[in-house]
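The values are calculated or read from the model by the stated rules, or taken from the named source; none is laboratory data. These numbers come from a predicted model, not from an experiment. All Cβ positions, glycine included, derive from the backbone under ideal geometry; neighbour counts span all protein chains shown. We work out accessible area using only protein heavy atoms, side chains counted, and drop any ligands, DNA or RNA first. Shrake-Rupley method; radii C 1.70, N 1.55, O 1.52, S 1.80 Å.
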Amino acid sequence: MSNQITPFKIAATDDQLDDLKRRLRATRWPERECVDDWSQGLPLAYAHEVCKYWLEEYDWRAREAGLNRFPQFKTEVDGLGIHFVHVRSPHADALPLVITHGWPGSIVEFHKVIDPLVNPTAHGGEAKDAFHVVCPTLPGYGFSDKPARTGWNVQRIARAWSELMPRLGYQRYAAQGGDWGAAVTTYIGLQDPSNCIGIHLTMPLVAPDPSAPDLTEREKSALGGMQHYNDWDSGYSKQQSTRPQTLGYGLADSPIGQAMWILEKFWSFTDCNGHPENVLTRDELLDNIMMYWLPDAAASSARLYWESFRNFSFDYQVDVPAGCSIFPKEIFRTSRRWAEKQFTKLVYFNELDKGGHFAAFEQPEMYLKEVRACFRMMR
């Protein structure tokens, strides 16, 4: 196994881009939905808009250059090639930080916050809040390699990140994440407490306690949100955790199929007042979709659900310092007292008034404030 670290750039071929446009032009459309809202799924009229824009106006080469503005690398960890962004801070006492995305996100989620995290003084911040940022792509996602054998669950990914960080020269480091990134980050805290100084989560995976006396209004709202998710928003998760390969055939063959599978979740999971483009630009949404389309990652990314839900449990206790930032439109929300049962050193807990599942993407300034405030308690 090689520990070599190789520079990497995202570079779609002209053939890939020509094929994308050919497929967009050849899209076979379903009929219009029977309602005037998103309750049956992403509306046909919006799908047409996105397709036309993607085909005629979206400038991948310009977007590609923007995505390549941060140094990227690949290295083999536990037998698999891992793609990651790595930006060192100019500040001497910067804290190494590994940040992890989830599904249907990518490293694109963090592009607005990487430079302010690395060089806060250039963005109105203080040098004491500086980080060396490592932002890996999950196995099977984006430009990381696709596992050819079973076993790459969140626990194994956490171990891989704990091997990656010292390889980059960081024996002592912190970790942050949301969605699957929150699960990976939690397991880093569980599995590598001698090196990980603390963790910060935007979607802490905490078992609710509906039997607790005197539920607060926020706790009642959190339980209601979980019920809504189970009733109306969790079909994608059930499919990806049971039959990801079957799903992959349609999404790998149709860019519109892949795009709508992802875009509907950006409507559902963001604090967007009814439309994802109220919080993210169409270019930003398509940048993220391209992280799935170009590497044909529909099935391989979905397999993380199949791998992880088979042996994931809320029966854990994290003893490294932990912080939680709870955004109001997050899928799963926790209260402080629920979180304290699973994080024995909960040093930071804050409930925000705005924002959703993709915190760094939707509300970068809030995300930065939360991450900085949390890790000030741990440095």
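Grab the Cα-Cα distance for A207 and A65, subtract it from 0.36 nm times how many residues apart they are, and report the gain in nm with one decimal. Mind dumping the intermediate values first?
On the way: separation 142, 0.36 × 142 = 51.12 nm, distance 4.19 nm.
Gain in length upon complete extension: 46.9 nm.
Straight-line reach from K128: which lysines fall under 19 Å, measuring Cα to Cα and dropping same-chain residues less than 8 apart?
List returned: K369.
Once every DSSP H run of n ≥ 4 in the chain is given -39500 (n - 2.57) and the sum is divided by its residues, what mean residue ellipticity at 222 nm do you get, rounded to the nearest 500 deg cm²/dmol? Working shown, then result.
On the way: 15 runs with 154 residues, N = 379.
That calculation yields -12000 deg cm²/dmol at 222 nm.
Is the shape of region 206-307 best called rounded, prolate or oblate, per the rule: a/c under 1.5 gives rounded, else a/b larger than b/c gives prolate, else oblate, with a ≥ b ≥ c the square roots of the Cα gyration tensor eigenvalues?
Since a/c reaches 1.5 but b/c is at least a/b, the shape of region 206-307 is classed as oblate.
Going by amide H atoms built from the backbone, whose H comes under 5 Å of the H on G81, apart from near neighbours?
D145
Using the Karplus curve 6.51 cos²θ - 1.76 cosθ + 1.60 with θ = phi - 60°, work out ³J(HN,Hα) for each residue of region 96-101 in order, rounded to whole Hz, and write x for Gly and Pro.
Each residue of region 96-101 in turn: x, 9, 9, 10, 10, 7 Hz.
Compute the Rg/Rh shape ratio of the chain: radius of gyration over Kirkwood radius, all on alpha-carbon atoms.
Values: Rg = 20.0 Å, Rh = 21.2 Å.
Reported Rg/Rh (Cα atoms, Kirkwood Rh): 0.95.
Can you give the three extents of the C-alpha atoms in region 56-106 along their principal axes, from longest to shortest, in whole Å?
45, 32, 19
How far is it, in nm, from the label point at K369 to the one at D319 when both lie 7 Å from their Cα along the line to the Cβ?
About 3.5 nm separates the two model spin labels.
Mind checking which lysines have their C-alpha under 26 Å from K220, skipping anything on the same chain fewer than 8 residues away?
Within the straight-line limit of under 26 Å, K220 reaches these lysines: K238, K265, K329, K341, K345, K354.
Give a residue-ordered list of calculated ³J(HN,Hα) values for region 229-246 (Karplus: 6.51 cos²θ - 1.76 cosθ + 1.60, θ = phi - 60°; whole Hz; x for Gly, Pro).
In residue order, the calculated couplings are 4, 4, 7, 10, 10, 9, x, 4, 5, 4, 5, 5, 8, 10, 9, x, 5, 4 Hz.
Exactly which trypsin sites (Lys or Arg not before Pro) in region 9-66 are in a DSSP loop and have at most 15 other Cβ atoms within 10 Å? Write down the numbers at each step before the final one.
Numbers: sites: K9, K21, R22, R23, R25, R28, R32, K52, R61, R63; in loops: K9, R28, R32.
Counting only loop positions with at most 15 other Cβ atoms within 10 Å, the trypsin sites (Lys or Arg not before Pro) in region 9-66 are K9, R28, R32.
Enter the accessible area of D19 (Å², nearest 10), with the probe set to 1.4 Å and all protein chains included.
D19 exposes around 50 Å² with every protein chain in place.
Could you give the accessible area per residue of the chain, probe 1.4 Å, as a whole number in Å²?
Details: 16050 Å² over 379 residues.
Value for the chain: 42 Å² per residue.
Convert each backbone phi in region 181-189 into a coupling constant with the Karplus relation 6.51 cos²θ - 1.76 cosθ + 1.60 (shift: θ = phi - 60°), then list the ³J(HN,Hα) values in order as whole Hz, x for Gly and Pro.
x, 5, 5, 4, 4, 4, 6, 4, x
Across 10 Å bins from the origin, how do the percents of Cα pairs in region 1-133 run, short distances first?
Taking all Cα pairs of region 1-133, the binned fractions are 10, 26, 29, 21, 13, 2 percent.
Give me the lysines in straight-line cross-link reach of K9: C-alpha distance below 27 Å, same-chain residues under 8 apart excluded.
By straight Cα distance, K9 reaches K21, K74, K112, K146.
Using protein chains only and a probe of 1.4 angstrom, how many square angstrom of S2 are accessible, to the nearest 10?
Counting only protein heavy atoms, the figure is 50 Å².
In region 79-171, which GluC sites (Glu not before Pro) are in a loop and have at most 16 other Cβ atoms within 10 Å, using DSSP for the loop call?
Values: sites: E109, E126, E163; in loops: E126.
Counting only loop positions with at most 16 other Cβ atoms within 10 Å, the GluC sites (Glu not before Pro) in region 79-171 are E126.
Charges only on Cβ, +1 for Lys and Arg, -1 for Asp and Glu: so what's the dipole of the chain about the Cα centre, in debye to the nearest 20?
Values: 40 positive and 48 negative charges, 193 e Å.
Charge dipole, the chain, about its Cα centre: 920 debye, nearest 20.
Pop out the Kirkwood hydrodynamic radius of region 12-79 from its pairwise C-alpha distances, inverse of mean 1/r, in Å to one decimal. Kindly include the intermediate steps, with their values, before the conclusion.
Working: mean 1/r = 0.0658 Å⁻¹.
The Cα-based Kirkwood calculation yields 15.2 Å.
Work out the FRET efficiency for D15 and E76 from their Cβ-Cβ distance, taking R0 = 35 Å, and round it to the nearest 0.05. Don't skip to the end; give the middle numbers.
Details: r = 27 Å, r/R0 = 0.78.
According to the calculation, E is roughly 0.80.
Quick one: which residues, 5 or more positions from I326 or on another chain, have an amide H under 5 Å from its amide H? H modelled 1.01 Å from N in the peptide plane, none for Pro or chain starts.
Those qualifying (amide H under 5 Å, at least 5 residues apart or on another chain) are N350, E351, L352.
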